[in-house]
1. For the stretch 170-189, what are the residues that are assigned to a loop (DSSP other than H, G, I, E, B), modelled with pLDDT of 95 or more and under 21 Å from residue 101 (Cα atoms)?
2. Only one residue in 132, 144, 124 is closer than 23 Å to residue 220 by Cα and touching a residue at least 60 places away in the same chain (Cβ under 8 Å). Which one?
3. Taking the options 45, 93, 27, name whichever one is at pLDDT 95 or above and outside any loop (DSSP other than H, G, I, E, B).
4. Which condition number does residue 216 fail, the rest of (1) assigned to a loop (DSSP other than H, G, I, E, B); (2) more than 30 Å from residue 21 (Cα to Cα) being met?
5. Just checking, does the stretch 202-213 include any residue being on the phi < 0 side of the Ramachandran plot and touching a His at 6+ places or on another chain (Cβ under 9 Å)?
6. So, in the stretch 106-125, of the ones that are among the polar types (S, T, N, Q) and in a strand (DSSP E or B), which residue ends up surrounded by the most Cβ atoms within 10 Å (Cβ to Cβ)?
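The values are calculated or read from the model by the stated rules, or taken from the named source; none is laboratory data. What you see is a predicted model, and the numbers here were worked out from it, not measured in a lab. With ideal geometry, Cβ positions are generated from the backbone for all residues, glycine too; neighbour counts draw on all protein chains shown.
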Amino acid sequence: MARFQQHITKMVHVQLSADKFIDGILIDEGTDLLVVYAKEGYFYIPFLHIHRVQFYSNLDQSVQEHDFPSLGSGAQEESVLSATASFHDTLQIAKGLPVEVLAAGNRPLQGCVTDVMDDYFILYAPLYKSIYIPLQHVKWVKPYKDGQLPYGLDQQSFAPKQSSDALSRSFQEQLNTFLGQIVIFDLGIHSYKVGKLIEVQNDQAVIVTASNETVYLNLHHVKAMHSPA
């Protein structure tokens, strides 16, 4: 059953995990996400990280769908999101498009989605190359406006490099392909999350840090992983 359909086009205040807030117009609702149009653009927000939704009736506005860009604008006129679209579906639609993703800490990531698997997706980011992000930790996805690319890059510089490597369906299985390599969890915000991956099993990753300390990380709390290799 729809939760917020009666509030579409109303001004909304959304509180997210990590004390993040978004104020804008509620544009659409999917099976497990909301779409909010704010001054920065469209925010595709999974319900999993929504703590509070509040509508401001005194600021209600009537808006037209064509007044706002959509995740698939240009290639198609219809709305990206339907009443049954899921966050997983939205990521599939976003493949190849420039987006901003908030997952690890307070550092938004800029890049494009290249692959969407069962419980994670891959974001090709100019700063980090391929980043593996569990779906459960994504707080929002925000597409860039038409024609814009991060860092002033042109399309050739921004385009991800093609890889022939096979991808595993689950995040834990994919981590196993990096055994013996240097990996960086959660963008390396903490030094103990950077090291050589020596074991992955039972929802746990084991790494050896630069100081030769062995660290055990609970994969349920790992928000992103990339490798400098």
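1. Across the stretch 170-189, the qualifying residue is only 170.
2. 132
3. None of the others qualify; the one that does is 45.
4. It is condition (1) that residue 216 fails.
5. no
6. Checking each candidate, the answer is 110.
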